[in-house]
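Only one structure is covered here, and it is reproduced in the block below.
The values are calculated or read from the model by the stated rules, or taken from the named source; none is laboratory data. Please read all numbers here as calculations on a predicted model, not as lab measurements. Ideal geometry is used to build each Cβ from the backbone, glycine not excepted, and the neighbour counts take in all protein chains shown. Surface areas here come from the heavy atoms of the whole protein model, side chains and all, with no ligands, DNA or RNA. Shrake-Rupley method; radii C 1.70, N 1.55, O 1.52, S 1.80 Å.
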Amino acid sequence: MLRITGEQFDELLEMVRGKLSKQDTTMRMAIPVTTKLEITLRYLATGDSFKSLEYLIRVPETTISRFLPHVLTDICCVLRPFINVPTTVEEWKKIEKVFLQRWNFPRCCGAIDGKHVLIKRPPGSGSVYYNYKKTYSIILFAMVDADYCFTYVDVGGNGRANDSAVFRNSSLNIAMENKTIGFPEDHVIIGDDAFPLRPDLMKPFSKHG
C-alpha cells in the first residue's frame, strides 16, 4: 500500500518523529505521528483524494489538508542527505565504474529524464502548466546512477516546458557549465532525444532522415 517495506517505514518514522510529534490537549488528542506518515505515504503512492483517505483511515479531510504539507516538508528535510550530487572527480568516477560494470557503458556518470506529474490548474496560471498531453502538470526532472538511485532531483518546472528547457535552467546544468561539481573531462551523462547533444551530454541518434 505504501510502496516501502516495514523496516523502511520504521526507519523513516524515527527520523521524522521529533519534527511531527504534537502534545495532546484538553480539547482533543493529537494525531499519532504513525498515522500522519501512513496517510502521507499512501497519498504519495496512490494519489488518493483526501476524501478517500478520510474514509480509509478515519481522519477528516480538512485535518489531512492541514498536516500533509508539513509532513512532506519534514520528509524532504530528513532525506536530503540521501540525495547528493557528486562534487569531486573521484565521486563521479565511482558512478562511472558501476555504469561500465553493469551496463557496459564507459565514461557515463548519470542518466537524466523528466516526468510530468499531473496537477489541478493553479488559479490564475492560464496555460503555463498546460502540457503537450493536454493536461496540467509540473515536471519532475532527475538524474540517477547505474543502480537507479537518485543523485539529483528538481521538482516544479511548469508542464508547458520541455525536458531540455528544464535541464537548461537547472542548478545541475549551471554547475556543470561552471565546472563547480568536479565533473570529469571526457565523461558524459545520457538522456533521450529531447535533450541537446554536447560534449558532456549524450543522446540517441536522431530518428529523422
Review point. Quick one: I119 ticks every box in (1) open to solvent by less than 60 Å² (accessible area, probe 1.4 Å); (2) among the hydrophobic types (A, V, I, L, M, F, W, C); (3) under 22 Å from W92 (Cα atoms) bar one, so which box is it?
Key: (3)
Exercise for review: Take segment 122-163 and flag every residue that is under 18 Å from A194 (Cα atoms), among the polar types (S, T, N, Q) and surrounded by fewer than 17 Cβ atoms within 10 Å (Cβ to Cβ).
Suggested key: N162
Check your understanding: Which pairs do you get when a residue that is more than 20 Å from P32 (Cβ to Cβ), found in segment 45-60, comes within reach of a residue that is modelled with pLDDT under 90 and open to solvent by 50 Å² or more (accessible area, probe 1.4 Å), reach meaning Cβ atoms under 8 angstrom, with the pair 6+ apart or on two chains?
Key -> T46/M1
Check your understanding: Among the strands (runs of 3 or more DSSP E) confined wholly to segment 131-209, which include 2 or more residues that are more than 26 Å from K94 (Cβ to Cβ) and in contact with a Phe, Trp or Tyr (Cβ under 9 Å, 6 or more places away or on another chain)?
Key -> 137-144, 150-158
Review point. Given segment 1-114, what helices (runs of 4 or more DSSP H) lie entirely inside it while holding 3 or more residues that are open to solvent by 30 Å² or more (accessible area, probe 1.4 Å) and in contact with a helix residue (DSSP H, G or I) (Cβ under 7 Å, 6 or more places away or on another chain)?
Key: 6-20, 33-46, 50-57, 61-79
Check your understanding: Before we move on, is N104 closer than 27 Å to L79 by Cα and not hydroxyl-bearing (S, T, Y)?
Key -> no
Practice item. Would you please list the contacts, defined by Cβ atoms under 6 Å and residues six or more apart or on different chains, that run from a residue in segment 76-104 that is more than 27 Å from N178 (Cβ to Cβ) to a residue that is open to solvent by less than 80 Å² (accessible area, probe 1.4 Å) and part of a helix (DSSP H, G or I)? Key: V78/M15; V78/V16
